[in-house]
Structures are given as C-alpha cells and as structure tokens.
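One structure below.
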Amino acid sequence: MIKRVRSWWTRKDKVQPPERSMDNVPEHVAIIMDGNGRWAKSHGLPRFIGHQNGMKAVKRTSIAADKLGIKYLTLYAFSTENWKRPKDEVDFLMRLPQEFLALELEELIEKNVQVRMMGDREGLPAHTVNAMEEAVRRTQGNTGLVLNFALNYGSRKEITECMRELGKKIKSGALDPEDITPEMIDGQMFSKDLPDPDLIIRTSGEMRISNFMLWQMAYSEMWFTDIYWPDFNEQSLYEAVAEYQRRTRRYGGLT
C-alpha cells in the first residue's frame, strides 16, 4: 500500500529534513506537476495565476535537482487529456513555455542545462513548438542537468505509436515478432534517450498516474505529497530524495 506523505513544507513544527546524503541520489526524477488551479482557488486568485506560479516552481525545482546531482528531470507539463480544458486556459498554457524560456533560457545555457521535449508535436501551436525547438537546439551541447518537458504527452498514445511502428516492420518483413524485446520497445518510446525514472513525484495530494510514463515506470519509486505544485520547492525535493534513499529497490528479487 502506498502511504501519502505530508511534506516538511506543510508541517506546523517546521521540522527540517535529515542531512542530505549524496549517495544513492536518483539519476532520473519525473514529476507530475499538479495543483496549480487548486492553489489559485485557495488564494482567491484566477487559475492562470496558479499556472504562472507553477512556472516559478519549475525553476526552483530545476535548480534544486542540479544541486542534488540528479542528472535527468522530467516534468509533466501538458498531457494529451489537457486539451479537454477550456480553450482560454489551454491557450494560456500553450504560451507558458515561450514565456518561461524567454526569461530563463540564457540562464539555463549558463548553468549547462540541456533542454529536451518529449511528446507529440502535432497539434501544438507553432509558437510553442518554435520556443521548445530553439531551447533544445541552443542547449543540445550542454552536459549538465537534462531538463525534459513532457508536452502534449500521453503514455497510451506513446505506446500505441510504438506498436504501430513495430507492426509496420513486421508487415514489411523487416522484423520477426519473435525478435521483439523490451529493449526494442524502449527504443521506440519518446524517452528512448533517457533512463527509466528512478523516482516519480506527484504533487497536490492526488494518488494516480494520469497516463504518465506507464512503460518506463515499471520499477520506479513513487512519492506523493499534499503540496500544490506552486508551493513545491527545494526542501520538498530534498524530502522526496531523502525518502527514496531510505528505500530498498529489489526489482522483484531479494535484498
């Protein structure tokens, strides 16, 4: 059973997390950023203010991940299901990558961060795609933290596209179905150049996966917090990693 964890950030006694260890830091952390709208509502503000403050949390978390020595940070920025939201909200969300990168790209370059994007570009506005592609192009030679945005991403669609590609190869005679391996499927995923997530974090108190990296998370550790995403900060990530370090990953075997 997965236990919901109250964050240090929300505890009234303000207990500090344990001393950080640089041993056993997760290589790849993926975050389902949730709660922008509820954060705004709790402050009596319109939803778009919640999304704006969520972008501030992206910067804080990226800096914290780099400090911790995390090599890959994947952020679930916009799902294939998010198109169901009101058009004005979707339009606002589609402008956020452009606004964020206009403000932060130079610093990301200076900090040696490499920006990537995984998801379906089809259907995204040209200004969103152009902003992301410029960031990817200008940071592709960087060797520090890989900041990977899951944008217009849905895991079921990703897996479906993977099966279609393998099916085409089988139909053409280029592939025998008996030769299909997990590694071959990995190579067809949007995340093919990334290791599987070691740790998946979800904010806002929700305890579900929401069509996120279903294939890749087979052995990921999960950490849930009641914190709304705009309030997520270095201390929050610190605690999640400390909890990860206390766990033993057995991969179906014995210690």
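Quick check: anything in the stretch 100-113 in contact (Cβ under 8 Å) with a residue 12 or more places away in the chain, under 13 Å from the mean Cα position of the chain (by Cα) and under 28 Å from ALA242 (Cβ atoms)?
no
Residue check: is GLU122 within 19 Å of MET55 (Cα to Cα), within 21 Å of the chain's Cα centre (by Cα), surrounded by fewer than 18 Cβ atoms within 10 Å (Cβ to Cβ) and among the acidic types (Asp, Glu)?
Values: within 19 Å of MET55 (Cα to Cα): no; within 21 Å of the chain's Cα centre (by Cα): yes; surrounded by fewer than 18 Cβ atoms within 10 Å (Cβ to Cβ): yes; among the acidic types (Asp, Glu): yes.
Here the answer is no, as GLU122 does not meet what is asked.
Could you say whether any residue in the stretch 66-84 is over 20 Å from the mean Cα position of the chain (by Cα), on the phi > 0 side of the Ramachandran plot and surrounded by fewer than 20 Cβ atoms within 10 Å (Cβ to Cβ)? Quick ask: steps written out before the conclusion?
Within the stretch 66-84, the first condition is being over 20 Å from the mean Cα position of the chain (by Cα), and the residues that meet it are 84.
Filter once more, so that each one left must be on the phi > 0 side of the Ramachandran plot: none.
No - not one qualifying residue is present in the stretch 66-84.
Filtered by the rule that a residue be surrounded by fewer than 22 Cβ atoms within 10 Å (Cβ to Cβ), out of contact with any helix residue (DSSP H, G or I) (no Cβ under 7 Å at 6 or more places or on another chain) and among the β-branched types (Val, Ile, Thr), the stretch 149-206 gives ILE159, THR160, THR181.
Which ranges mark the helices (runs of 4 or more DSSP H) fully within the stretch 43-147 that have 3 or more residues being touching a Ser or Thr at 6+ places or on another chain (Cβ under 8 Å) and at pLDDT 95 or above? Step through it out loud before you land on a result.
Numbers: elements: 47-68, 87-110, 126-139.
So the answer is 87-110.
Does any residue in the stretch 194-219 that is within 16 Å of LEU75 (Cα to Cα) and of a type in the set (Ser, Thr, Tyr) come within less than 9 Å, Cβ to Cβ, of a residue that is modelled with pLDDT of 95 or more and surrounded by fewer than 15 Cβ atoms within 10 Å (Cβ to Cβ) six or more places away or on a different chain, and which pairs are these? That search, which allows pairs on different chains as well, returns SER210/GLU81.
For residues that are among the aliphatic types (A, V, I, L, M) and in contact with a Phe, Trp or Tyr (Cβ under 7 Å, 6 or more places away or on another chain), tally how many sit in the stretch 229-252.
Quick first cut of the stretch 229-252, residues among the aliphatic types (A, V, I, L, M) only: 237, 240-242.
Retained after the next criterion (residues that are in contact with a Phe, Trp or Tyr (Cβ under 7 Å, 6 or more places away or on another chain)): 240.
The number of residues fulfilling the criteria is 1.
Is it the case that some residue within the stretch 36-59 is β-branched (Val, Ile, Thr) and in contact (Cβ under 8 Å) with a residue 24 or more places away in the chain? Yes, there is a match, as at least one residue in the stretch 36-59 is β-branched (Val, Ile, Thr) and in contact (Cβ under 8 Å) with a residue 24 or more places away in the chain.
Return yes or no: is GLY37 in contact with a helix residue (DSSP H, G or I) (Cβ under 7 Å, 6 or more places away or on another chain), modelled with pLDDT of 95 or more, over 24 Å from LEU199 (Cα atoms) and surrounded by 18 or more Cβ atoms within 10 Å (Cβ to Cβ)?
On the way: in contact with a helix residue (DSSP H, G or I) (Cβ under 7 Å, 6 or more places away or on another chain): yes; modelled with pLDDT of 95 or more: yes; over 24 Å from LEU199 (Cα atoms): yes; surrounded by 18 or more Cβ atoms within 10 Å (Cβ to Cβ): yes.
For GLY37, the condition - in contact with a helix residue (DSSP H, G or I) (Cβ under 7 Å, 6 or more places away or on another chain), modelled with pLDDT of 95 or more, over 24 Å from LEU199 (Cα atoms) and surrounded by 18 or more Cβ atoms within 10 Å (Cβ to Cβ) - is met.
Within the stretch 158-193, the set of residues being of a type in the set (A, V, I, L, M) and either at positive phi or without any contact (Cβ under 8 Å) to a residue 24 or more places away in the chain (or both) comprises MET163, LEU166, ILE170, ALA174, LEU175, ILE180, MET184.
The values are calculated or read from the model by the stated rules, or taken from the named source; none is laboratory data. What you see is a predicted model, and the numbers here were worked out from it, not measured in a lab. Virtual Cβ from ideal backbone geometry, glycine too; neighbours counted across all protein chains shown.
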